[in-house]
Amino acid sequence: MKTIETITGYPFVSHVDQDKRPTIDNPIEFLKTVYRPGYHSALHNMLSSGVSKRGGYRYDFRPLLKTYLYKQHGVWSEVYAPNKTSLRAAVHGRIDKIVDLK
C-alpha cells in the first residue's frame, strides 16, 4: 500500500467554510477503521468511489486504494479497497472470486 502523510478535505457543499482545508492526519489508520468487520458509515462511499464525505468535506483516498472486481452471488462488483483481506472483511457474505484491476 502506498503511504501519504495527510489527506486534505475539499468542500462539496456551499454552506461550509470554503477557506478551511481540514485534514486526516493518519489516513492508514482511518482506512483500517472503515474496512474492519462491522458497520461504518463511510464504507459504502469508500467501496464505490474511494471517497469519504465528512462534515461537508470530501476526502479522496483513491491514491491509497486499489481497484478490485469481485463476484458475489453471481454478480460482479467493482470496488476500491486497500487490499483483498480488507475487502473480504468489509463485504458481508461469501465472495466467490476477487480480481485485481490495478
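Yes/no per residue for (1) more than 14 Å from the chain's Cα centre (by Cα); (2) of a type outside the set (D, E, K, R):
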{"position": "GLU5", "(1), (2)": "yes, no"}
{"position": "HIS15", "(1), (2)": "yes, yes"}
{"position": "LEU47", "(1), (2)": "no, yes"}
{"position": "LYS53", "(1), (2)": "no, no"}
{"position": "GLU78", "(1), (2)": "no, no"}
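Within segment 40-54, how many residues are in a loop (DSSP other than H, G, I, E, B) and of a type in the set (A, V, I, L, M)?
1
Could you list, in sequence order, all residues of segment 1-55 that are of a type in the set (Gly, Ala, Ser), farther than 17 Å from TYR80 by Cβ and surrounded by 14 or more Cβ atoms within 10 Å (Cβ to Cβ)?
GLY9 - this is the single residue of segment 1-55 that is of a type in the set (Gly, Ala, Ser), farther than 17 Å from TYR80 by Cβ and surrounded by 14 or more Cβ atoms within 10 Å (Cβ to Cβ).
Do we find that ALA89 is touching a helix residue (DSSP H, G or I) at 6+ places or on another chain (Cβ under 7 Å), at negative phi and of a type outside the set (D, E, K, R) in this structure?
no
Taking the stated definitions as given, is PRO63 assigned to a loop (DSSP other than H, G, I, E, B) and either surrounded by 16 or more Cβ atoms within 10 Å (Cβ to Cβ) or of a type outside the set (Val, Ile, Thr) (or both)?
no
Using the structure shown, decide if ALA81 is buried (at least 16 other Cβ atoms within 10 Å of the Cβ), within 29 Å of PRO22 (Cα to Cα) and either among the aromatic types (Phe, Trp, Tyr) or touching a residue at least 40 places away in the same chain (Cβ under 8 Å) (or both).
So ALA81 passes the test.
Bear in mind these aren't lab numbers, they're just calculated from the coordinates by the rules spelled out. Small disclaimer: the values here were computed from a predicted structure and weren't measured. Using ideal geometry, Cβ is built from the backbone for each residue, glycine included, and neighbour counts are taken over all protein chains shown.
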